[in-house]
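Taking it in order: structure first as structure tokens, then the write-up.
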Amino acid sequence: MTRHTRAYQDAASVLGDLDEVDRRGDEAHIAIPSRPIPPPHRRTMSASASASRTAAPSTVDVPAARPSTSVRVLLPLTRIALGFVYLWAFIDKLFGLGLATPAAGSVLAGQSPSAGYLGHTEGALSGVFRAMAGNPLVDALFMLGLGAVGAALVTGVCLWLAALGGSFVMGGIYLSALPLANNPIIDEHLVYVLLGWLLAALGAGRFAGLGTVWSTLPFVRRAPWLA
């Protein structure tokens, strides 16, 4: 009995020691501090901020390419040359400088600027244009077109309107000459029309002209077609 009693006591002591070890292990596990978990809304805000910082693109201002020297020289020369075609015709017909228009046939001498040409057309539309020859309204619009288009091209302002006006002036002369004698489609008047639109599209008034200053005016900024 004594032997059995002692064995039983030893076993109970071992079990007690094991319980003590488990209890201390549990206390040690509970005592380990854990990182606090942020609330869901804070986690969402932090993730969004991190994502925005990561995904935010870097913006770099790229300067506009400067036109080459050839462009800055040839564009204004072409614009002024085309403008002088219109402007010289206006001056010559107005004053009769003795080149294409004699002094006795000038507008200041009381002569029609359109009768000399339109009255002698022989093309397919000659009947239409001969009927307009010498008409005061046609004469006024013709002279206004020559002078306004020429001045606009030389100074570099209102190039879109100049291209439109040139289309009426040179386009009318082109139509009056159909069919053409030397080329079935193209003559210099049609080239003048196309060149006027090209100069307007390229903003040729910015180079050696008043186009840059003109485009900053309030009423021009509100109506870009005046540029």
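Mind giving me the FRET efficiency for SER68 and LEU108? R0 is 35 Å, r the Cβ-Cβ distance, nearest 0.05 is fine. Working shown, then result.
On the way: r = 45 Å, r/R0 = 1.28.
Result of the calculation: an efficiency of 0.20.
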Shape call for segment 103-166, from the Cα gyration tensor axes a ≥ b ≥ c (a/c under 1.5 means rounded, otherwise prolate when a/b beats b/c, else oblate), comes out oblate
Once both label points are put 7 Å beyond Cα along the C-beta direction, the LEU141-PHE95 separation in nm becomes 2.8 nm
Scalar couplings 3J(HN,Hα) for segment 132-138 by Karplus 6.51 cos²θ - 1.76 cosθ + 1.60 (θ = phi - 60°), nearest whole Hz, x for Gly and Pro, are 8, 4, x, 5, x, 5, 4
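Values in this text are rule-based calculations from the coordinates and carry no lab data. Because the structure is a prediction, the values reported are computed rather than measured. All Cβ positions, glycine included, derive from the backbone under ideal geometry; neighbour counts span all protein chains shown.
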